[in-house]
Structure formats: structure tokens, C-alpha cells
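To start, the structure itself, in C-alpha cells.
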Amino acid sequence: MFTGLVQEIGVVEEAVRQEAGTQLTVRATQTAVELAPGDSVAVSGVCQTVVTREGDRFVMMAIPETLRRTTFGSLQAGSKVNLELPLRVGDRLGGHWVTGHVDAKGTVVETRNVEGDRAFRISLPKDLAAYVVEKGSIAIDGCSMTVGRVHDHPAEGTSFWVHVIPETWERTLFGGYAVGSEVNLEVDVLGKYLLRARALGWTGNESGDAE
């Protein structure tokens, strides 16, 4: 479990395509030293298992499902990634509950920088539209963000705005986004459970207790 507070930007040093997926080597001067084989780490919002670690580098294996669903399929030497270590018991929850299970890729369709207001409009697949609400939470490349305005367009589909504070701009991948950039999206897991229960007709009184 993560909180969506990015701790470091890492750099992919090697991406080796294999039959089982893609083996990725990431250099991260702060994060890597905290990791050991078998540990979890969020890499641009994707929960990955560390295979090996040596010095300030760690290796992970992205399986085909991960390559299809996330931006990992386009990672190569020199690519930058957001990194976050798992939440420890007793840590402050500064962002929101982030599982590291990416739902889909989104695309930056518009950017704005007016008098220091840096904002991005991001499109998302139709099947995720119900989970994105104004002032709700969403993880973008593993970064916990507050949703601004939501646009539901009959032809163009759904998109939403996020506004980026200077700290986030400087410490995450947001500083390098442009129109056309693909990002990993994870919607709020609490919304998933709520809509699933509603779809099944759950009312909260299924225990069988007498009223």
C-alpha cells in the first residue's frame, strides 16, 4: 500500500526484453538503499517486486500484463520514473490510499501555465469515468492528485483537470509532461468498492439480522 507521495525520480538504466516480460534496471540514489530482493516499490504508480539490488540500482521484471496496461511498454534507457516506498504501519497518510494496481493509461490532452497556475487536462477510458469526481483523488504516475473540473463530452469522452503546486512540479514527472504524454492512472479504490456494491444491489443489510 502506498500514499501517492513521490519520494524520488529514478532513471531507467536498462530495459531488456525477455520472453517473460521486460527486465528493468532503475538507478535511484535515495530509494534503492532502502530496498532488498522481494520488497515492493511503486514505480510510476505500478507496484513492482525487487528482484535484485546493488548499490543505488535495483532490478524488477515487468510481465506482459503490466506492459499492456501501463506505460512500462515504452520505458527505455534514460526514461524517468516516479518512485515511492511502501507505507509503514504508523506512517502519516499524506495523500490517499494507493494500491499500485494501475487501471489504465491516460493521455495529456491540454496544458496550461497562467500566472504560475500549472494545470493539465488528462483523458481517461470510458469505463473509468464513473470513478473520477471533482475534488476526489486519483493517482497519476503514482502521484496523489486532487481532481479539478471533470469534462464528459459525448464525442471526445471524459477528461479531467489537475492543478500542480510548485513542489509537485519539481519533484515528480509532472515537470516533463506535454500534450501527448501518456500517464498511468489508478482511480480511488474506495470508489471501486462502492460502485461494485451498488451494481450488486447491496444495501448494507445483508447480514440476515432482523430489523
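Give the lysines whose C-alpha is closer than 29 Å to that of Lys80, dropping any in the same chain fewer than 8 places away, or say none.
Within the straight-line limit of under 29 Å, Lys80 reaches these lysines: Lys105, Lys126, Lys135.
Once R0 is set to 25 Å, what does the formula 1/(1 + (r/R0)^6) return for the Cβ-Cβ distance between Glu13 and Arg69, expressed as a FRET efficiency to the nearest 0.05?
That pair, Glu13 with Arg69, gives E of 0.60.
State which stretch of the chain is the longest one without any exposed trypsin sites (Lys or Arg not before Pro), exposure meaning a DSSP loop state and at most 15 other Cβ atoms within 10 Å. Numbers along the way, then the final one.
Values: sites that count: Arg88, Arg92, Lys135, Arg149.
The longest such stretch corresponds to 1-87.
Per the Cauchy relation, a quarter of the hull surface: what is the mean projected area of the convex hull of the alpha carbons in the chain, in nm²?
The directionally averaged projection comes out at 15.1 nm².
With an 8 Å Cα cut-off and a minimum separation of 6 or more residues, compute the relative contact order for segment 8-84 in percent. Let's see the in-between values first.
Numbers: 167 pairs, mean separation 30.8, N = 77.
Rounded, it is 40 percent for segment 8-84.
How large is ³J(HN,Hα), in whole Hz, for each residue of segment 70-80 in order, when computed from phi with the Karplus curve 6.51 cos²θ - 1.76 cosθ + 1.60 and θ = phi - 60°, using x for Gly and Pro?
Rounded to whole hertz, the list is 10, 7, 4, x, 9, 5, 8, 4, x, 5, 9.
Using the Cα centre of the chain as origin and beta-carbon charges of +1 (Lys, Arg) and -1 (Asp, Glu), tell me which of Val89, Pro125, Thr99 is placed farthest towards the positive end of the dipole.
My answer, from the dipole projection, is Pro125.
When the Karplus curve 6.51 cos²θ - 1.76 cosθ + 1.60 is applied with θ = phi - 60°, which whole-Hz ³J(HN,Hα) does each residue of segment 46-52 get, with x for Gly and Pro?
Residue by residue, segment 46-52 yields 9, 6, 10, 9, 6, 8, 9 Hz.
Just so you know, all these numbers are worked out from the coordinates, no wet-lab data involved. Only a predicted model underlies this, so the values are computations on that prediction, with no experimental measurement involved. Cβ: placed from backbone, ideal geometry, glycine included. Neighbour counts: every protein chain shown.
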